[in-house]
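Inspection log for the structure reproduced underneath, given as structure tokens.
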Amino acid sequence: MALQHPHPRLLQLAHWLTPAFYIDFGRPCNSACIYCAVPPHEDAQGFLPFAEVESIVAAGKQTGCDRAILIGGEPTIYPYLPQVLTALRAADLRDHIVMTNGLRLAEPAFVAMLADNGVATVHLSLDTTDADTYDRLSRSTGKLGKQLQALHNVLREPRLNLYLYTATSALNAPHLAQMLEDVAQAAKTAGVVAPPVVLAVIKPLGDAARHADQLLLAPRHAVDIVRHLVQLGDELGIAVGHRNLQACLAPDLIDRNVDYYLDDYSVQVATGQRLPFSHGQYWYKLPSCSDCGHFDLCTGLYRDTTARYGESEYVPIGRLELGPAAT
């Protein structure tokens, strides 16, 4: 943990998620979000063949992980999901994470099935509680009720941890304060502590790049939005974190930067050696970034973002809020 003063609730979130390996079921999805970085309509392969799951589980276990993160696409529509959970149990792995849009979790029996079979944490993508905004973001009609039912169902399942992941864009930003208030009320009704909320500022990738004029936020505007929502979350009893905002843009929000709590990387299974991050083509660092104490932790600047808004706001800040440098 690089931070001097980590936020306790975000530290807890990191413990829910690590150490874990991904099982990617492929791009098929029961939604069509306008900001998706891996659009299902670009897929030519369909679902992951179930025959490949055993080797993925073995590789994950070999690298020292004790749980799986199930992703897609939409993992809850994977036709062999129960068999995957059985395979994980047979490998003596547990406390898994499902990253989902929640539509299937509107079914209480499905939520119970997940908890019964080793899932411990639900990452629920919730971008708004405004119906019209949901329809625009999801390019669908009338599905918000299912997402909100999923929220209520998971809050009421004591065996599941829950956090909310909010793709933060120009479309839904005006409604996010209301969303936090609605989440706080839902948690109060369920008699539980409100789940953490991660505000993931939209990245110009995939469909989000195609619809950038509708979605992208100028970095300074994004900081203002996130700062306001962090403060509101504190008032409501919700730990609000963020992603995709560089530390130099918001030094006062460094302890809320979820990327600083998690180390997400690929390895060569045979050796355990890290591999170069595959998305490096989308971002870069300025020459001056080498003077910043956050250089090794920061992913850098997205090329399409700086092409729109410039580079002038990215100024080195030293090791602010970080522990002593390694020697």
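Computed from phi, the 3J(HN,Hα) profile of segment 107-117 under the Karplus parametrisation 6.51, -1.76, 1.60 (θ = phi - 60°) reads 8, x, 5, 5, 4, 5, 4, 4, 5, 5, 10 Hz, with x in place of Gly and Pro. Under 5 Å between amide hydrogens, built in the peptide plane, is the criterion, and for Ile69 it picks out Phe21, Tyr22, Ile23, Ile97 among residues at least 5 positions away or on other chains. I'd like the distance between the alpha-carbon centres of segment 15-77 and segment 135-169, rounded to an integer number of Å. For segment 15-77 versus segment 135-169, the Cα centre distance is 19 Å. Round to the nearest 0.05 the FRET efficiency obtained for Ala59 and Ala37 when R0 = 22 Å and r is the Cβ-Cβ distance. With a Förster radius of 22 Å, E is 0.40. Straight Cα distances below 17 angstrom link Lys203 to the lysines Lys285, with same-chain residues fewer than 8 positions distant left out. The amide H of His242, built 1.01 Å from its N in the peptide plane, has Leu199, Asn257, Val258 as neighbours under 5 Å, considering only residues 5 or more places off or on other chains.
Could you tell me which of rounded, prolate or oblate describes segment 99-219, using a ≥ b ≥ c as the square roots of the eigenvalues of the alpha-carbon gyration tensor, with rounded for a/c under 1.5 and, failing that, prolate when a/b is larger than b/c and oblate otherwise? Prolate, because a/c is 1.5 or more and a/b exceeds b/c. How would segment 1-96 be classified by its alpha-carbon gyration tensor: rounded, prolate or oblate, with rounded meaning a/c under 1.5 and the a/b versus b/c comparison settling the rest? Oblate is the answer for segment 1-96, as a/c is 1.5 or above yet b/c matches or exceeds a/b.
The phi torsions of segment 207-213, fed into the Karplus equation with coefficients 6.51, -1.76 and 1.60 and a -60° offset, translate into couplings of 5, 4, 5, 5, 10, 4, 5 Hz, rounded to whole numbers, with Gly and Pro shown as x. Counting DSSP beta bridges in the chain, what percent are antiparallel, to the nearest 5? About 15 percent, rounded to the nearest 5. Here's the list of lysines a cross-link from Lys188 could span, going by alpha-carbon distance under 27 Å and ignoring same-chain residues fewer than 8 apart: Lys143, Lys146.
Taking 8 Å as the Cα distance limit and 6 or more residues as the minimum spacing, I'd like the relative contact order of the chain as a percentage. Over the chain, the number comes to 17 percent. Each of Asp263 and Glu52 was given a label point 7 Å from its Cα along the Cα-to-Cβ line. The distance between the two points is 2.7 nm. Sequence-ordered 3J(HN,Hα) estimates for segment 284-290 from the Karplus curve with 6.51, -1.76 and 1.60 and θ = phi - 60° stand at 7, 10, 6, x, 5, 4, 5 Hz, glycine and proline given as x. Pull out a ≥ b ≥ c, the square roots of the eigenvalues of the alpha-carbon gyration tensor of segment 8-277, then state rounded if a/c is under 1.5, prolate if not and a/b is larger than b/c, and oblate in the remaining case. Here segment 8-277 falls in the rounded category.
No lab work stands behind these numbers, since they all come straight from the coordinates. Keep in mind that what you see is a predicted model, and the values were worked out from it rather than measured. FYI the Cβ positions are ideal-geometry reconstructions off the backbone, even for glycines, and counts take in every protein chain you see.
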